[in-house]
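This report refers to the structure that appears directly beneath it.
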Amino acid sequence: METPVSLRQIMTVAEMKAADAAATAAGTPATTLMERAGKGAAEAIRQRWSRRSVVIWCGPGDNGGDGYVVARHLRRRGWPVRVEALAPPASPSCRWAAERWRGEVHPLNPAVSPADLHVDALFGAGLSRPLDGPAEELARAAEGLSACIVAIDTPSGVHGDTGQSLGGAAFRAALTVTFHRRKPAHVLAHGRAACGAVEVVDIGLSDTGAGDLVENDPSLWGARFPWPSDDAHKHARGRLVVVSGEAWSTGAARLSARAGLRIGAGVVTLLSPPGALAVNAAHLEAVMLAPFDTDAELAALADRAAAAVIGPAAGVGEATARNLTALAGTGAALVVDADALTSFAHAPDELFARLDRDDVLTPHPGEFERLFPGLLKASPERIAAAREAARRAGTIVLLKGPDTVIAAPDGRTAVNLNGSPWLATAGSGDVLAGFIAGLAAQGMESFDAACAGAWIHAECASLHGPGLIAEDLPGLAPVVLKRLWDQRNHPLP
Ligand SMILES: NC(=O)C1=CN([C@@H]2O[C@H](COP(=O)(O)OP(=O)(O)OC[C@H]3O[C@@H](n4cnc5c(N)ncnc54)[C@H](OP(=O)(O)O)[C@@H]3O)[C@@H](O)[C@H]2O)[C@@H](O)CC1
Ligand SMILES: Nc1ncnc2c1ncn2[C@@H]1O[C@H](COP(=O)(O)OP(=O)(O)O)[C@@H](O)[C@H]1O
Ligand SMILES: [K+]
């Protein structure tokens, strides 16, 4: 069975608080939620580690309360547990949990008391100011110990919504156990690294439905993947065109074209300036080639295409801007990347005016800054920046990076989690543009295509690992596609 979309939902700290309040209002006491949270965290720890000595650092709020519950459950299982408190319990639920811990409570040892495992239950996702005093000292002393630290909800000192340190020191963990849903801190680059593995414990909060911020995963788009029908023919599988650069910069467009073909577009044509025809012809097999001289000729060639890629090594300037305008006048869904983005740096609104809701912009942070000056810096995190960019542009925006964010103008947003640094290699973005456009050419809705393209792209990179170059990526797509195909025919239980 596929994972329901709602299980892949990411909730902000405020949304989580609201879900918590709704449960309490509906009759589930806060202490019941805390008991489930702490018990679930203890179980997650026992699943990962055999019995060993553990020190639990408890804060004064509900995160600390979870810590006392973890302590009780681990001791019940025979684990040697030492509880250290930063301050006496201050919240009612924390007091409740502390009263049920029958062992000793020691003051926090900022120099790290020796143990095989340490549990950070100082502060959770709602922390609003930097760690200070003994908590900060402890975070510094615990640097380098992350392999034996388990964080409850979030590593203390990390902001739940941004994943950034609140300033000063923050903990890093091997495992973070959170509750109900992941928060942005668990998926965005810095926070994700601080969390280590993330496990989500169900604490019985009611299903809040499929929110519009989700993890990017096949459960999001797998059911709508454009597999060919039995009576498919190549033209029915979707026509894709890719605009080539001049003779000395043709490789990027060929990478996109090959990627589009590999991901299933039936017919892929590279549209090439006359001066680049010879070099393109020398390097193409299944990808077809057609010359264009003017933007009008380009539009005519693209007229029957379902999707188009423009940007990879297309050249920055007037000609690319004109070519984009010509393509925008066809019915093709556009994937606008690289030089096509930069060609509008002086007038981003002119670009946005030419695009439709089914077009996709694929900027890396540098290109994003050119189209949306200051937005990344002014936003609390990348999710908010990408969402605002999609709203302004009226089109889909895929903001690239270790935590690629895909946002649609209607608010749908997905964060890609399967990326790896092997993708940080020249040309990998060109392949991504080709994957997305290849899926759009097959009729996949553009937000789905962007999400599926990003996920498959990252999956290909993980399959290869060290030594990856962009040329390898399209050739790895069949392995990933086969897995998706097999899951479709034989869904996992
Ligand atoms: N939501 C849910 O559904 C469930 C949530 N659960 C658990 O509850 C946790 C959230 O609990 P929480 O809101 O009490 O936040 P927590 O991070 O524990 O305390 C932060 C407060 O401490 C205070 N503070 C004092 N000294 C401080 C210092 N040096 N540095 C900084 N702050 C300091 C400070 O108050 P201030 O002094 O600023 O007024 C601040 O407001 C959550 O992470 C999860 O583990 C589960 O039980 C299951 C159900
Ligand atoms: N550290 C990283 N972890 C995960 N993905 C990464 C990382 N660095 C880069 N990527 C991915 O690699 C691709 C690079 O694209 P881009 O910067 O456009 O490169 P190019 O222009 O050379 O093709 C993007 O999909 C990006 O998300
Ligand atoms: K914590």
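Just so you know, all these numbers are worked out from the coordinates, no wet-lab data involved. What you see is a predicted model, and the numbers here were worked out from it, not measured in a lab. For neighbour counting, all protein chains shown are included, and Cβ atoms are generated from backbone atoms with ideal geometry for every residue, glycine included.
Counting only residues 5 or more places away or on other chains, whose amide H sits under 5 Å from the amide H of T176 once H atoms are built in the peptide plane?
A151, A197, V198, E199
Which ³J(HN,Hα) values, rounded to whole Hz and listed in residue order, are derived for segment 24-38 from phi using the Karplus coefficients 6.51, -1.76 and 1.60 in 6.51 cos²θ - 1.76 cosθ + 1.60 with θ = phi - 60°, glycine and proline given as x?
Along segment 24-38, the couplings run 5, 5, 7, x, 8, x, 4, 5, 5, 4, 5, 4, 5, 5, x Hz.
What is the sum of charges around W96, taking Lys and Arg as +1, Asp and Glu as -1, for the other residues whose C-beta is under 11 Å from the C-beta of W96?
-1
Explain nothing, just compute: Karplus ³J(HN,Hα) = 6.51 cos²θ - 1.76 cosθ + 1.60, θ = phi - 60°, for every residue of segment 280-296 in order, whole Hz, x for Gly and Pro.
5, 4, 6, 10, 10, 10, 6, 6, 8, 9, 9, x, 9, 10, 10, 5, 5
Where does the charge balance sit around V105 when Lys and Arg score +1, Asp and Glu -1, over other residues with C-beta under 10 Å from its C-beta?
Counting the neighbours of V105, the net charge comes to -1.
Give me the one-decimal nm value for the distance between modelled label points at V316 and H364, 7 Å along each residue's Cα-to-Cβ direction.
The answer from the label model is 1.3 nm.
For the peptides 280-291, 449-460, 81-92, 111-122, what is the packing order when you average, over each peptide's residues, the other Cβ atoms within 10 Å and list the highest mean first?
449-460, 111-122, 81-92, 280-291
Report the relative contact order of segment 218-489, percent, no decimals, based on alpha-carbon pairs under 8 angstrom and at least 6 residues apart.
Normalised by residue count, the contact order of segment 218-489 is 20 percent.
May I ask you to compute the full-extension gain from H233 to A189, defined as 0.36 nm times their residue separation minus their alpha-carbon distance, rounded to one decimal in nm?
Length gained, H233 through A189: 11.6 nm.
What ranking do 129-140, 149-160 get when scored by the average of other Cβ atoms within 10 Å per residue, highest first?
Descending mean neighbour count gives 149-160, 129-140.
What is the extension gain from N489 to R391, computed as 0.36 nm multiplied by their sequence separation minus the C-alpha to C-alpha distance, in nm to one decimal?
Stretched fully, the N489-R391 segment lengthens by 31.6 nm.
Tell me the net charge near K234. Cut-off is 15 Å between Cβ atoms, K234 excluded, with +1 for each Lys or Arg and -1 for each Asp or Glu.
Here the charged neighbours net out to +1.
Rounded to the nearest 0.05, what FRET efficiency is calculated for A26 and S128 with R0 set to 35 Å and r the Cβ-Cβ distance?
0.85
Please rank K400, K482, K39, fewest neighbouring Cβ atoms within 10 Å first, as an exposure proxy.
Going from sparsest to densest Cβ surroundings: K482, K39, K400.
Estimate the FRET efficiency between L145 and I469 by the formula 1/(1 + (r/R0)^6), using the beta-carbon distance for r and 51 Å for R0, to the nearest 0.05.
For R0 = 51 Å, the calculated efficiency reads 0.90.
For A333, list long-range residues whose amide hydrogen, built 1.01 Å from N in the peptide plane, is under 5 Å from its own amide hydrogen.
A307, A308
So, by mean Cβ neighbours within 10 angstrom, what's the order for 28-36, 382-390 with the highest one leading?
382-390, 28-36
In percent, how large is the relative contact order of the chain, given Cα pairs closer than 8 Å and 6 or more residues apart?
Here the relative contact order equals 12 percent.
Can you spot the lysines whose alpha carbon is less than 22 Å from K482's alpha carbon? Ignore those fewer than 8 places along the same chain.
K234
Taking R0 as 22 Å, what's the FRET efficiency between N109 and S50 from their Cβ-Cβ distance, rounded to 0.05?
Rounded to the nearest 0.05, the efficiency is 0.35.
Give the Rg (one decimal place) followed by the Dmax (whole number) of segment 5-210, computed from C-alpha coordinates and expressed in Å.
15.4, 44
If you line up the long axis of helix 62-76 against the longest principal axis of the chain, both from Cα atoms, how many degrees apart are they, to the nearest 10?
70
Considering only C-alpha atoms, what is the centroid distance from segment 189-237 to segment 38-115, in Å?
34
³J(HN,Hα) across segment 239-245 via Karplus (A = 6.51, B = -1.76, C = 1.60, θ = phi - 60°), whole Hz, x for Gly/Pro?
9, 10, 10, 10, 8, 8, x
Normalised by the empirical 2.2 N^0.38 Å for globular proteins, what value does the Cα Rg of the chain take?
1.10
Can you tell me the relative contact order of segment 5-210? Whole percent, Cα pairs under 8 Å, sequence separation 6 or more.
22
Cα axis of helix 318-328 to longest principal axis of the chain: angle in degrees, 0 to 90, nearest 10?
80
How far is helix 382-393 tilted, in degrees, relative to the longest principal axis of the Cα atoms in the chain, given as a value from 0 to 90 rounded to the nearest 10?
The helix 382-393 is inclined about 40 degrees to the chain.
Search the structure for amide H atoms under 5 Å from the amide H of I56, placed 1.01 Å from N in the peptide plane, and list their residues when 5 or more places away or on another chain.
R82, V83, E84, V119
Please report the antiparallel percentage of the DSSP beta bridges confined to the chain, to the nearest 5.
Counting only bridges with both partners in the chain, antiparallel ones make up about 15 percent.
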